[in-house]
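Below is one structure; the comments refer to it alone.
The values are calculated or read from the model by the stated rules, or taken from the named source; none is laboratory data. No experiment lies behind these values; they were computed from the predicted model shown. Don't worry about glycine lacking a Cβ; one is built from the backbone with ideal geometry, like all the others, and counts go over all protein chains shown.
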Amino acid sequence: MLFVPVSAPRGMGEYARSLALATALVQRRPGTEVHFALNRRAPYAGEVPFPATLLPSSATFHSDEVIALIERFRPQVVVFDNAGRTAQLRAARASGAKIVFVSSRPRQRRRAFRLRWMRLIDEHWIAYPEFIAGSLSSFERLKLRLLGRPRVRFMDVIMPSPDATLRSSLLERFDVRPGAFVLAVPGGGTGHPGAEDAPAAVGEAARRLATRGHPTVLVGVVPDSGGYAASPLLRIAPRLSPAELIELMRAAQIVISNGGDTLLQALACHRPCVAVPIAGDQIHRIRRCAEAGLALEARASADDLERAAVELLASSENQKKLARRVAERNVANEIDAAVDALEALVIGG
C-alpha cells in the first residue's frame, strides 16, 4: 500500500487518516508492506512508523518523485488523500495499482468527478458525512451512470479504533479523570488567512477555563508560552499522535475544536463540542453541525469561546442533549469499512 496524503508544515488531517488506515490494515494483515510519500517539513515526518519517501513539499507538487516511487515500489493500491496529479494517477494505473482518492473539500471532490480522473480512480471516498458534504448532485450521478465507475462512498470519519490501555496511560500522564476535563484542540499550527487569531483564542479560552476550576488539556502549544503554564489545572501537550488525541477525546467531558477533521472526530466520539472556524471552509461545516444540534458554534475570540464552554459545562442537561443528538445522527468511525474496501481491492485485483 502506498499512501500519498496532503502534508504541510501545519495541519495533519490527511496524514492522520492515512496513518489510521495503514495501522489498522497492518494489524489485520501483518504481512502488508506500507509506504508513505510526505513533505519533509511536516512536523510528523520524522516520526512516521512506516517507511516514507520525504519530499521538498506536498506530494502534489512533485510528480517526478512520486512517479519514480510508484515505479520502484509497485504498490497494489495507492491512496491519494486530497493529493495527486493526473500524471501520478496514470502512473499508478500503468503500474497495475488500484487507486483510492479521498476528498474532504469541494475542490478536490470536483477534481475527482472529472471524467479523466473517474476513468482512473477505482474508489472515491468523500471524507465527511453526507449531511455536511452534500449528497451526490444529479450531474455527479449522471457521470457515474455513464462511466460505471468509480465506486463512491461517504466515509463519515476514519480514525483509530478504541484503545483502553492507551487511554488509561494518557489520563494518568495528564492527571485527569474520565468525563471530568475539557479538551481544547486549536489545530492548524498557525493562523489561517482570515482567522489568524483563532488558535491563540482557543488557547486563551482554555487558560481561563482552567482558572475557573475546570481541568483542561490544551493540545498543540508550547509549554510556558502565552502564560498558559500559570494555571495549575491547565495541562499542556505540545503535540500528540493522532491515536493519543482520539483517546483523550473519548475521555473528555467536552471538546473545544476547530471545524476540520477534529470536529468530526469529536462527534464520532459522541462528545459535546464547541467549535470555532480556523479556515474559511470550516464555517459551513460548523454551521451544518450547529443547525443539526450536534455542536455549539463560537466566534474566534477567547471571550465567546469561554462563554460557550462555561454555559455547556454548567448544564449537564445540555451536554446530554448534544450527546444524544450526536448518537442519533450516528457520525460513524468508518475505519473497518475502509480497511474492508482496501482488502477487497487487493483481492479483486
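In table form, for the structure just shown:
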read-out: Residue match in the stretch 246-263 (condition: surrounded by 16 or more Cβ atoms within 10 Å (Cβ to Cβ), farther than 21 Å from ALA198 by Cα and of a type in the set (Lys, Arg)); value: yes
read-out: Candidate set: the stretch 270-288, residues that are modelled with pLDDT of 90 or more and surrounded by 24 or more Cβ atoms within 10 Å (Cβ to Cβ); chosen: the one nearest to PRO106 (Cα to Cα); value: ILE286
read-out: Pair list, Cβ under 8 Å, 6 or more apart: the stretch 282-303 residue on the phi > 0 side of the Ramachandran plot, other residue part of a helix (DSSP H, G or I); value: GLY293/LYS321; GLY293/LEU322; GLY293/ARG325
read-out: Contacts under 9 angstrom Cβ, first residue in the stretch 65-92 being in the same structural domain as ILE126 (by TED's automatic domain parsing) and under 23 Å from ILE126 (Cβ atoms), partner among the acidic types (Asp, Glu) and surrounded by 19 or more Cβ atoms within 10 Å (Cβ to Cβ), 6 or more apart; value: VAL77/ASP122; ASP81/GLU14; ASN82/GLU14; ALA83/GLU14
read-out: Lone qualifier among GLY227, GLY203 - being loosely packed, with under 12 Cβ neighbours inside 10 Å, of a type outside the set (Phe, Trp, Tyr), at pLDDT below 90 and closer than 29 Å to GLY280 by Cα; value: GLY227
read-out: Qualifying residue in the stretch 33-41 (condition: surrounded by fewer than 19 Cβ atoms within 10 Å (Cβ to Cβ) and touching a residue at least 24 places away in the same chain (Cβ under 8 Å)); value: yes
read-out: Counted residues, the stretch 12-29 - those being touching a strand residue (DSSP E or B) at 6+ places or on another chain (Cβ under 9 Å) and not aliphatic (A, V, I, L, M); value: 5
read-out: All strands (runs of 3 or more DSSP E) inside the stretch 1-75 with 1 or more residues being β-branched (Val, Ile, Thr) and modelled with pLDDT of 95 or more; value: 2-5, 52-55
read-out: Criterion: touching a Leu at 6+ places or on another chain (Cβ under 6 Å), at pLDDT 85 or above and not polar (S, T, N, Q) - qualifying residue of PRO162, PRO215, PRO232; value: PRO215
read-out: Total residues in the stretch 306-323, condition more than 13 Å from ALA295 (Cβ to Cβ) and assigned to a helix (DSSP H, G or I); value: 8
read-out: Qualifying position, being in the same structural domain as VAL34 (by TED's automatic domain parsing), surrounded by 17 or more Cβ atoms within 10 Å (Cβ to Cβ) and more than 30 Å from CYS289 (Cβ to Cβ), among ALA97, ALA112; value: ALA97
